[in-house]
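Inspection log for the structure reproduced underneath, given as C-alpha cells.
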2 protein chains.
Amino acid sequence: MASKRQIQVGNLTIGGGAPLVIQSMCNTKTQDTDATVAQIRELERAGCQLARVAVPDLEAAQAIRTIRRQVTIPLCADIHFDYRLALEAVKNGVEKVRINPGNIGEKAKVKQVADACKAAGVPIRVGVNGGSVDKDLRERYGVTPEALVISAQRNLEQLEDCGFFDSCVSLKLSNVFGTIQAYRLMAQRCEYPLHIGVTEAGGQKMGTLRSAAAFGALLCDGIGDTLRVSLTAPPIEEVFAAKDILKALDLHQQGARIVSCPTCGRTQVDLIALAEQVERRLQALQSRITVAVMGCVVNGPGEGREADVGICGGKGEGLIMRKGQMVDKVPEDQLVGRLMEEIAEMTGERI
Amino acid sequence: MASKRQIQVGNLTIGGGAPLVIQSMCNTKTQDTDATVAQIRELERAGCQLARVAVPDLEAAQAIRTIRRQVTIPLCADIHFDYRLALEAVKNGVEKVRINPGNIGEKAKVKQVADACKAAGVPIRVGVNGGSVDKDLRERYGVTPEALVISAQRNLEQLEDCGFFDSCVSLKLSNVFGTIQAYRLMAQRCEYPLHIGVTEAGGQKMGTLRSAAAFGALLCDGIGDTLRVSLTAPPIEEVFAAKDILKALDLHQQGARIVSCPTCGRTQVDLIALAEQVERRLQALQSRITVAVMGCVVNGPGEGREADVGICGGKGEGLIMRKGQMVDKVPEDQLVGRLMEEIAEMTGERI
C-alpha cells in the first residue's frame, strides 16, 4: 500500500515502493552557508538522506546555490507565503520545495511556481499541519484528520489545475491518533507519496515516542514513503531517532537486531549486563543478523529459535545457539566472547 | 473496539472499556519475600497496577501468601507446566494466574485448575509467545500471527470446555508488525480482554520504541485492555516506559502535555532550552493541560491554537497565549516564569 506515484528528488526516489527516505531540517540560518553546510554534512554522515532548509527571505533562497555546491544530499526549500522565494530557490538549484499553494494566493503565482518546478524537475511537498488548516474547514470540522485531508486535497488540486502532479503530501497533527487517522484517510484518497511525521512532537523522549507510535501504526500498513522525526532537539537527534525507530520496526537494513527477554524470577544470569555487552560489541556490525540474548532455559530455546544466533543463560553457564540448535555450552564469563566468535564466523566481519 | 468481556483481578477491572491497566513483572526470586515485597511496593509507587511473579516451584507458590499480605496491588502467578503450582498459588491468595492449558497436559488437570480459579474468582491469562506456538501450527504456518492466534484459541477452548470464561489473552512476537497483526486478528475473533505487549523487546531504548510502535497501532484502533512494556531492564523501568508511552498517546490521564515545534532556521529564541525548562517545571503538575512551546510567529500562533496555554518565541521576546489568543508579551528571559504564573492561575496548583 505504498503510494502508487513516485517522485524523484535529485538522485533520491520517493514513493511507489522505494525504500523509506529519512529527512531532517537544518536549524541554522540558511544564509550562514558555512554553518548550514557543516550541519548538512553532519546530518548526512548520521544517515539523513534529504535536508530541508528554511527560506524566509531572498538571501536564504540565494544561499542555496552556495550550499548546494558543497553537500551531496538533495535539499528541500521551506517556503511559507512568498512565491518569489520558491522561484528563486529553484533557480538556485534546490531539489524540492515545500510550499502550500493555498498560501501563495493568486492562481497566476501558483502557476509560475508549478511551471518553474516542472521545468526544473523539482517536486513540491504540500504540507498541512494542525495549525494551517483552512479556516472554513476548521470551523466546519475542527482541527481533525478529515479537515487536514480536505485541506491537503485542495492544495494538491491547485497544483493539478496547473498541470503539476509531481507532489508529495504531509498531514501533521501533534496528537498521534489524529495523525494516524489523517494519513490512513489520505492513503485511501490519493496516490501521491506520503511524508509522515508528528508535528510539535515535543522534546527528545516524548517526540521520539510519539513518532514511534505513529510510524508503527502507519508503516505496519505500508503507509509512508519518507519521514521526519520532528524533535525540539538538535537536528542530528532527529536522524538518530528515525534510525532507531526503523530498527525497532525491523525496517532498517543494516546491523544486528538484538532480541532479549525481560528479566524475571527465573533468570539465573545477569541478563541486563549481558544484553548491554552484546549490544555494545555489535554496534558497528554491518551485516543483517538477529541475535537472541535469553535468560533461562524455559523460554530461551523456544523464543530464540527464530534468531540467527544467540545465547541462553543457565546457572553459571550458558548455551550458544544457532537457529535454535545448541552448538556449544560455556561458562557464563565466556558467553559473550564465544557469541562474538560465532557471529564473526557467520558474517565474516571482524568484531 | 475494546474487548466485550470484562475480568475482575482483585479490585481491578480489565476490559470492556475500563481504563488501561499497567503491569510489570518482578525479577526477584519469589520465595525471597522481603525482596519481592520491596520491589512490588516500588512498582506500585511508580504506577504499576498489577504485578506478576514467577512461580517455578512450590516454595514460590507458597511465598505468595506472605507477599499478598504486605502489598496492595493484585498479583499474577506465572506458571509454566505444573498445574499443581497453579492450584497452590490460588490457595495462597493470588488474584490472577498465567498458564497455558496446552502446557498442562491431561484434561482432568486443566479442569482442576479451571475449577479452582472459578471458585476463587481468579482469571487466567493465556499467553502465547513466538516461542510457545504449538509445533503443528509452527510447521504449518511458521511463527506467524495466524499461528499465534490459533494457538491461543486452542488454549482458550480448553478452558471453555471446562466451563471457564474468565480469561484474557496475550500474543507476543518479538517483531512489532507481527505482534500488531496478531492482536488485530485476535480482536476480530474473540471477546476476551487483550493483554498487549511485544516480547523480547530488547534493552531500554529499543524495547520502549518497539512497545511504543505496537501500542500506537493497537490502541489507535481501541485494541488492548492491559499492557506490559517488556524490557531487559529493572522492572520499574517498564512502568516508567509504559507511562511515557501512554502520555505520548495522550492516554495518560494526568499532568501537562507539552507540544513543541522542531527547531528551524526561523527560530529566534533558544527553543530547546525553553522546552526543557518548561518540561522540568511542570513535571509534578497533576492537572491535565496542554502547553505549547513554539519558536516563531509563522507557525506558532496557528499550531498553538489547540493548546490550553503556551508561549511563542519572537526576537528577544515572546508571546503568552491562551487558547490561541495573545494575553501578554514579555522579554525572553521572563517567558517561562510568566507561563508558570498563567498555568498556576488556570489550574490552581502551585508550581
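The values are calculated or read from the model by the stated rules, or taken from the named source; none is laboratory data. Being a predicted model, the structure only gives us computed values, none of them experimental. Using ideal geometry, Cβ is built from the backbone for each residue, glycine included, and neighbour counts are taken over all protein chains shown. Surface accessibility is based on the protein's heavy atoms, side chains included, excluding ligands, DNA and RNA. Shrake-Rupley method; radii C 1.70, N 1.55, O 1.52, S 1.80 Å.
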**Message:** Checking buried surface per residue: for the range B:304-334, which residues lose a minimum of 30 Å² accessible area in the protein assembly relative to the chain alone (1.4 Å probe)?
**Reply:** B:R305, B:E306
**Complete:** In Å, the Kirkwood hydrodynamic radius from C-alpha pairs for the protein assembly as shown sits at 26.8
**Message:** Heavy atoms of the protein only, probe of 1.4 Å, neighbouring chains included. What is the accessible area of B:E317 in Å², nearest 10?
**Reply:** 70
**Fill in**
Rounded to the nearest Å, the spacing of the alpha-carbon centers of the range A:70-107 and the range B:16-71 is 58
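Just need the relative contact order of chain B here, percent rounded to a whole number, with Cα pairs under 8 Å and 6+ apart. Can you show the working numbers first?
On the way: 728 pairs, mean separation 45.4, N = 351.
Relative contact order comes out at 13 percent.
Using a 1.4 Å probe over the heavy atoms of the protein chains, calculate the carbon and sulfur portion of the accessible area of chain B as a whole percent.
Working: 6070 of 13220 Å².
Within chain B, the accessible surface is 46 percent carbon and sulfur.
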**Prompt:** Per residue of B:223-235, how many C-beta atoms from partner chains lie within 10 Å of its own C-beta, taken as a mean?
**Reply:** 3
**Message:** At 7 angstrom along the Cα-to-beta-carbon line, where would the label on A:K315 sit relative to the other copies? Give the distances in nm, shortest first.
**Reply:** 7.4
**Reduction of at least 40 Å² in accessible surface, 1.4 Å probe, comparing all protein chains with the chain by itself, residues of the range B:199-217** = B:E200, B:M206, B:L209, B:R210, B:A213
**Prompt:** Given H placed 1.01 Å from N in the peptide plane, which residues other than close sequence neighbours of B:K172 have an amide H under 5 Å from its amide H?
**Reply:** B:V128, B:N129, B:G130
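Of all beta bridges DSSP finds with both residues in the range A:256-347, what is the antiparallel percent, to the nearest 5?
Values: 11 of 20 bridges.
So the antiparallel bridges in the range A:256-347 amount to around 55 percent.
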**Asked** How much of A:D244 can a 1.4 Å solvent probe reach, expressed as accessible area in Å² and rounded to 10?
**Response** 30
**Request:** For A:D115, go 7 angstrom from Cα along the Cα-to-Cβ vector, then report the distances to that same point in the other copies in nm, smallest first.
**Result:** 8.8
**Heavy-atom accessible area per residue - the range B:256-347, 1.4 Å, Å²** = 43
**Prompt:** Taking the alpha-carbon centroid of each part, what is the distance from the range B:195-269 to the range B:307-351 in angstrom?
**Reply:** 28
**Prompt:** Could you give the accessible area per residue of the range A:6-248, probe 1.4 Å, as a whole number in Å²?
**Reply:** 33
**Fill in**
Of all DSSP beta bridges with both partners in chain A, the antiparallel percent, nearest 5, is 30
**Item:** Whole-angstrom Cα spans of the range B:256-347 along principal axes, big to small
**Value:** 35, 24, 21
**Message:** Need one value: the accessible area of B:F164 in square angstrom, 1.4 angstrom probe, rounded to the nearest 10.
**Reply:** 0
**Label distances, nm, A:Q283 versus same residue in remaining copies, Cβ-directed 7 Å point** = 2.6
**Message:** Ratio of alpha-carbon Rg to the 2.2 N^0.38 Å globular estimate for the range B:6-248, to two decimals, please.
**Reply:** 0.93
**Asked** Can you pull the mean other chain C-beta count within 10 Å for peptide A:131-138?
**Response** 3
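At a probe of 1.4 Å, how much accessible area disappears from chains A and B on forming the pair, both sides counted, to the nearest 100 Å²?
Values: alone 16100 and 16070 Å², together 26470 Å².
Using a 1.4 Å probe on protein heavy atoms, the buried area is about 5700 Å².
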**Asked** To the nearest 500 deg cm²/dmol, what mean residue ellipticity at 222 nm is calculated for chain B from DSSP H runs of n ≥ 4 alone, each contributing -39,500 (n - 2.57), summed and divided by the residues?
**Response** -13000 deg cm²/dmol
